[in-house]
Amino acid sequence: MPGRVFRLHSTLELPLEDVEEFLEDPELPPEIDDVDLTRRNNTLILKAISDDADIGKYTPTAQLKASVSETRVYEEEPPKTAPTWGDEEEEEIPSELVEFACFKGDRETVLQNSALRFPMFLVLREIALRSEKGTLTAVLEKDGDLQAVRIVEGEERPASVEVVENPRQGNGEDSGVDWRDNKFIS
């Protein structure tokens, strides 16, 4: 295996049409031959199809899971004019209902099953680079090194991994509530 995914958090949202367009002719990692797209009600499942027939035969391959929701998208912003009182009818702003694929949650919620997990994460990363809304953060092991990935609204941003002896030593962890010595709880 080329790498492993340790931590993953996603809040990605993009039009379902964009996901389907990406899957028409994607550049896939060498371990993945194809990605099977299945929709069950409001759930979208992208399942890795292995190039090795033995991998998917007895072991479920990695899959990305997203919820599908409809959102009304307006073609233009409504005009900001003073309210008029009278017989005038308001113009209706042109809009359409768009289905969005929402890859939201932590590791097992978004990226399921272990066979081909890392290559399927790379597919999710490509989807994140096409997304205009949401973030993807992950901690990976690749070639023996830890790497951090952070993609915000389709752009890669700097990220780092901090390794500490005690998890409470990390920055940002000191702001929590100390429940043992809390004077308000008796």
If we keep just the residues of region 37-66 that are assigned to a strand (DSSP E or B) and hydroxyl-bearing (Ser, Thr, Tyr), which is farthest from Cys102 (Cα to Cα)?
Ser50
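If I filter region 137-166 down to residues being open to solvent by 100 Å² or more (accessible area, probe 1.4 Å) and more than 23 Å from the chain's Cα centre (by Cα), which single residue comes out as modelled with the lowest pLDDT? Walk me through it before giving the result.
Step one: of region 137-166, the residues open to solvent by 100 Å² or more (accessible area, probe 1.4 Å) are 143, 153, 155-156, 158, 160, 162-163, 165.
This time we only want the ones that are more than 23 Å from the chain's Cα centre (by Cα), so: 143, 163, 165.
Details: Asp143: 86, Val163: 74, Glu165: 78.
Checked region 137-166; the qualifying residue modelled with the lowest pLDDT is Val163.
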Positions within region 108-136 being within 15 Å of the chain's Cα centre (by Cα) and open to solvent by 50 Å² or more (accessible area, probe 1.4 Å), in sequence order:
Glu108, Thr109, Leu122, Arg125, Glu126, Leu129, Arg130, Glu132, Lys133
Which one of these is of a type outside the set (Val, Ile, Thr) and in contact with a Lys or Arg (Cβ under 6 Å, 6 or more places away or on another chain): Ala48, Ala53, Ala62, Ala66?
Ala62
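Condition check: modelled with pLDDT of 85 or more, of a type in the set (A, V, I, L, M) and in a loop (DSSP other than H, G, I, E, B). Does Leu28 satisfy that? Write out each step before concluding.
Values: modelled with pLDDT of 85 or more: yes; of a type in the set (A, V, I, L, M): yes; in a loop (DSSP other than H, G, I, E, B): yes.
Considered against the rule, which asks whether it is modelled with pLDDT of 85 or more, of a type in the set (A, V, I, L, M) and in a loop (DSSP other than H, G, I, E, B), Leu28 comes out as yes.
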Scan region 115-140 for residues that are in a strand (DSSP E or B) and over 29 Å from Thr59 (Cβ atoms) and jot them down.
Lys133, Thr135
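Among Glu96, Glu132, which is at pLDDT below 90 and touching a Gly at 6+ places or on another chain (Cβ under 6 Å)?
On the way: Glu96 fails: touching a Gly at 6+ places or on another chain (Cβ under 6 Å).
Going through Glu96, Glu132 in turn, the sole match is Glu132.
Give me the residue from region 1-48 that is of a type in the set (Val, Ile, Thr) and open to solvent by 30 Å² or more (accessible area, probe 1.4 Å) and, out of that set, farthest from Pro60 (Cα to Cα). Steps first, please.
Narrowing region 1-48 to residues of a type in the set (Val, Ile, Thr): 5, 11, 19, 32, 35, 38, 43, 45.
Next cut, open to solvent by 30 Å² or more (accessible area, probe 1.4 Å) only: 11, 38, 43.
Numbers: Thr11: 25, Thr38: 15, Thr43: 18 Å.
Checked region 1-48; the qualifying residue farthest from Pro60 (Cα to Cα) is Thr11.
Would you be able to tell me the number of residues in region 11-25 that are without any contact (Cβ under 8 Å) to a residue 24 or more places away in the chain and either closer than 22 Å to Arg117 by Cβ or outside any helix (DSSP H, G or I) (or both)? Outline the logic, then answer.
Looking only at region 11-25, we keep the residues that are without any contact (Cβ under 8 Å) to a residue 24 or more places away in the chain, and these are 20-21, 23-25.
Within this subset, residues satisfying the condition of being either closer than 22 Å to Arg117 by Cβ or outside any helix (DSSP H, G or I) (or both) are 23, 25.
Total meeting the criteria: 2.
The values are calculated or read from the model by the stated rules, or taken from the named source; none is laboratory data. Computed from a prediction, not measured in an experiment: that's the story for all the values here. Using ideal geometry, Cβ is built from the backbone for each residue, glycine included, and neighbour counts are taken over all protein chains shown. Each accessible area value is taken on the protein alone, full model and side chains, heavy atoms only, with ligands, DNA and RNA left out. Shrake-Rupley method; radii C 1.70, N 1.55, O 1.52, S 1.80 Å.
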